[in-house]
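Accompanying notes for the structure given below.
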Amino acid sequence: MSIIAEAPKFLQVYSNGSVKRFDPETALASLESTDRYKSKDVIIDSSKGITGRIFLPSFPISSKKLPLVVYFHGGGFCIGSTTWLGYHTFLGDFCVTSQSIILSVDYRLAPEHRLPIAYEDCYTSLEWLSEQVASESLLQQADTSRVFLSGDSAGGNIAHHVAVKAIQSNACPLRITGLMPIHPYFGSEKRTVKEMVDESKEDVTMNDMFWRLSIPEGSNRDYYGCNFEKHDLGNTVWLKFPPTEVYVAGEDFLKERGVMYVEFLKNKGVKKVTLVEAKEESHVFHVYHPLSPATRSLQTQMTTFIEKY
């Protein structure tokens, strides 16, 4: 039995189809208020193994309803969890800064569950929210008329596709108020300028591996989940597409893809689209350095976006 795909320290895929994941340090949810916020693990769909973690400020500044943020973690669709310490710390602090209630979703992972499973799982979280908001104690103060989708890397990709599905579905119980993708993970068969230079060879190889593991077998990087330009959508979707703020990092190999996504949305007629760059930062810095000044700045920028709507 040999290793056929590997992300060192995170993932090994073997020739017999088995998968090993190696999680970094994790954090437990807690209803204690020691960190200015409370957190609780929830089951979204027990039959599919979809779970989540809710974050709530311990001492909300106002008695008014709080906006809802639904967050999807990154990891190339193959790794990652809301239980990772970096995510837990970032989202806990962010719920306090933004005075919002956050549901972070653990969806099923590839290669065992290839796309579009992650999109379907994460859309299910919207249905769950609408059903649980009246009974779940940590959702009592949630304003279901102000729902924002966010996520980093693959999670930013998921946020886009969940927003599209919510627009297309007449049965979606929640209207999406805004979209906040962080360092979104997109691709295509056609290489960008940065992807073709020699110094990007290692990044390109790793990205290609994650796409190969996550898209449907027999597909290539022009699969609609990878290449947003190949998703055949009617004008109605773009007319209804929510205000979007895309966050990129200046030292991120994927920065080009984030900029291309912004230009794509603008060209489709989406009226409110902005780009925010953390010039000297790298990919998902907020997860690796959740207490850094750059992360605090990102949280403030996202809070300002939420407060607009």
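The values are calculated or read from the model by the stated rules, or taken from the named source; none is laboratory data. On a predicted model such as this, the values are computed, not experimentally measured, just so you know. Every residue, glycine as well, gets a Cβ built from its backbone with ideal geometry; the counts of neighbours run over all protein chains shown. Note: accessible area is taken over every heavy atom of the protein model, side chains too, but ligands, DNA and RNA are not part of it. Shrake-Rupley method; radii C 1.70, N 1.55, O 1.52, S 1.80 Å.
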Go through region 101-120 and count every residue that is buried (at least 24 other Cβ atoms within 10 Å of the Cβ) and not β-branched (Val, Ile, Thr).
6
Residue pairs, Cβ under 8 Å, 6 or more apart or interchain, first in region 182-194 and under 23 Å from residue 219 (Cα atoms), second hydrophobic (A, V, I, L, M, F, W, C) and open to solvent by 70 Å² or more (accessible area, probe 1.4 Å). List them.
186/260; 192/260
Selection within region 55-65 - surrounded by fewer than 24 Cβ atoms within 10 Å (Cβ to Cβ) and not aromatic (Phe, Trp, Tyr)
57, 58, 60, 61, 62, 63, 64, 65
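Residues that are crowded, with 22+ Cβ neighbours inside 10 Å and under 19 Å from the mean Cα position of the chain (by Cα): does region 131-145 have at least one? If you could, list the steps in order and put the result at the bottom.
In the first step, residues of region 131-145 are kept if they are crowded, with 22+ Cβ neighbours inside 10 Å; the result is 142.
Within this subset, residues satisfying the condition of being under 19 Å from the mean Cα position of the chain (by Cα) are none.
No, region 131-145 contains no residue that is crowded, with 22+ Cβ neighbours inside 10 Å and under 19 Å from the mean Cα position of the chain (by Cα).
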Can you work out which of the residues in region 146-186 that are assigned to a loop (DSSP other than H, G, I, E, B) and hydrophobic (A, V, I, L, M, F, W, C) is surrounded by the fewest Cβ atoms within 10 Å (Cβ to Cβ)?
171
Kindly indicate whether residue 98 is surrounded by fewer than 24 Cβ atoms within 10 Å (Cβ to Cβ), over 25 Å from residue 6 (Cα atoms), touching a helix residue (DSSP H, G or I) at 6+ places or on another chain (Cβ under 6 Å) and not aromatic (Phe, Trp, Tyr).
yes
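So if I check each of 189, 199, 131, which one is more than 24 Å from residue 82 (Cβ to Cβ), of a type outside the set (Lys, Arg) and not in a loop (DSSP other than H, G, I, E, B)? Walk me through how you get there before you give the answer.
Details: 189 fails: not in a loop (DSSP other than H, G, I, E, B); 131 fails: more than 24 Å from residue 82 (Cβ to Cβ).
After applying the criteria, what remains is 199.
Anything in region 1-14 that is open to solvent by 70 Å² or more (accessible area, probe 1.4 Å), more than 26 Å from the chain's Cα centre (by Cα) and modelled with pLDDT of 95 or more? List them, or say none. Steps first, answer last, please.
Taking region 1-14 and keeping what is open to solvent by 70 Å² or more (accessible area, probe 1.4 Å), we get 1, 3-4, 6, 8-9.
Filter once more, so that each one left must be more than 26 Å from the chain's Cα centre (by Cα): 1, 3-4.
Within region 1-14, 3, 4 meet the criteria.
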Inside region 201-221, the number of residues satisfying the requirement of being surrounded by fewer than 20 Cβ atoms within 10 Å (Cβ to Cβ) and under 26 Å from residue 176 (Cβ atoms) is 1
